[in-house]
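Data first, discussion second: the structure below is written as structure tokens.
The values are calculated or read from the model by the stated rules, or taken from the named source; none is laboratory data. All figures in this text were calculated on a predicted structure; none of them were measured in a lab. So basically every Cβ, Gly included, is an ideal-geometry build from the backbone, and we count neighbours across all protein chains shown.
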Amino acid sequence: MLIQNEVPVSSLTTESVAAALEATPGADDWRVELLHDDEAQLYLIGNQVESQRTVTNERAQVTVYNDHEPAQGVAEGAGLSRGFTTLTLLASDVAAGALAARLGDAVTMAHLTDNPTFGLPDASLVGEYPEVVTMDPQLASDPEAALQDALARVRGAVSNWANVRLSSVELFATRSSRSLRNSRGLASTGQGTRVFLDFVLIAHEEGNEAEFHAELTRRRVSDLMIESAVDSYAAYARHLLLARAPSTHSGPVILTGDALLGFFEPIIFHASGEAAFSKVSRFKTGNIVTDVEPSGDRLTVISDALRPWGLKTATSDGEGLPGRRVPLIQDGVFVQHWAGMRYATYLGIPPTGEFGNLTIAPGQWPLDELRSTSGEPIYEIVAFSWLNPDLISGDFTVEIKLGYRHDATGSHPIKGGSLSGNVFTAFSRAQLSAQTYSDGWYFGPAAIRFADLTISGE
């Protein structure tokens, strides 16, 4: 069934919103980002295409800044305070004549917050914007055909697996454009594509079933690597049928692919200007970032908003600061904090913009060597139920969705139990694979072996 959503031409423009903001009392600074998405969607349930449709979504993200005398309790002589709030505007807000009222309400909300003052970027700070690669010609020219082709490839790849069936598929192809303006005369534009693939595989054997759910988002269709992705997740679904709870273990553990991604969240946070201003960052320029002098591979971490086809690649961030490649950690030593205008102003450092694509330099270790047991069992985790380390301490405890025990008798699938440890301690003794992996945002080693983590099992 094909559903076509006809959307009228919108009166929502950066110019119309900017004019309204200029006329709003108390809007001492502002920025408006107009976002426009044209999206083709395809849904499959079982063997039946349930629906196909195209959707247009247009909205404006507006941030209003208000400067005012600080509330009681703020130190005297501190000068004016700056408050801000962000709201989303739709074309209906303009059509219904509600724009002025909504912007007035935003000023009221911004007036309630007291922050030290900071400015917005302007043309003298920004200079020229970089050129970036974010537009897939296949998705831009014929998104519906691209989705049909992707679905056929998913079905074909699944058909190669005995006792594995496709339960559902969702495919979205999006062409996006953005236009940004602020009260300091800054203006930038950008465009790009995205493809989202969500599918569920069910493995079945002798009356037992196991399900594995996959979500992939990329800038271009070719980066989905559909056949290899289906093969990996079909194997995972089959292995879940055989998986058993792990034994309690303290020692080497390998994290692979998607299981790695959340492991870097505390590192990104401690490298931020927000953490430094709040005095919770454990990183100091020129110092090592781990708890002790690393005895394994040393981390190199880069925020890269210029990487071709990255999900966070853009000519500018949401404030209008140019996309940049920013080294944060080099060979285990902290280089600099990443920060937008607010925290850069507070810290007296140059603004780098929002965090871009997470880029980790690979190591020299082949995967086979990382999995080498040398007489002791090694656990490899490929999927967690949810990995959410404490951002400040780096501590984590997470349920294992699927992994493998490598020992002298071979490799055996495991599920259940939990993995625990500390991110900063773990990276003191880590080995990074030479093989690389990307999920569209993360670009780095496909696997990392940590010398001493704890699995709580049977």
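On inspection, GLY320 qualifies as touching a Ser or Thr at 6+ places or on another chain (Cβ under 7 Å), of a type in the set (Gly, Ala, Ser), in a loop (DSSP other than H, G, I, E, B) and more than 25 Å from SER438 (Cα to Cα).
Within the range 424-451, the set of residues being assigned to a helix (DSSP H, G or I), touching a strand residue (DSSP E or B) at 6+ places or on another chain (Cβ under 7 Å) and closer than 18 Å to LEU387 by Cα comprises just one member, ALA426. Filtering SER250, SER278, SER188 for residues that are out of contact with any helix residue (DSSP H, G or I) (no Cβ under 7 Å at 6 or more places or on another chain), small (Gly, Ala, Ser) and under 30 Å from TRP309 (Cβ atoms) leaves a single hit, SER188. Might you let me know whether the range 127-140 holds any residue that is within 22 Å of the chain's Cα centre (by Cα), assigned to a helix (DSSP H, G or I) and among the aliphatic types (A, V, I, L, M)? Yes, the conditions are met somewhere in the range 127-140. Within the range 323-371, track down each residue that is aromatic (Phe, Trp, Tyr), in contact with a Leu (Cβ under 8 Å, 6 or more places away or on another chain) and closer than 21 Å to PRO130 by Cα. Passing the criteria: only TRP338. The numbered conditions (1) touching a helix residue (DSSP H, G or I) at 6+ places or on another chain (Cβ under 8 Å); (2) of a type outside the set (Lys, Arg); (3) surrounded by fewer than 21 Cβ atoms within 10 Å (Cβ to Cβ) are all true for PHE384 except (3). Among the residues of this structure, GLU227 does not count as one that is surrounded by fewer than 15 Cβ atoms within 10 Å (Cβ to Cβ), outside the structural domain of GLY440 (by TED's automatic domain parsing), of a type in the set (Asp, Glu) and part of a strand (DSSP E or B).
For the range 158-207, filtering for residues that are closer than 13 Å to LEU147 by Cα and loosely packed, with under 15 Cβ neighbours inside 10 Å leaves 0.
For the range 390-422, the candidate set comprises residues that are at negative phi and not in a strand (DSSP E or B); within that set, the residue that is surrounded by the most Cβ atoms within 10 Å (Cβ to Cβ) is LYS415.
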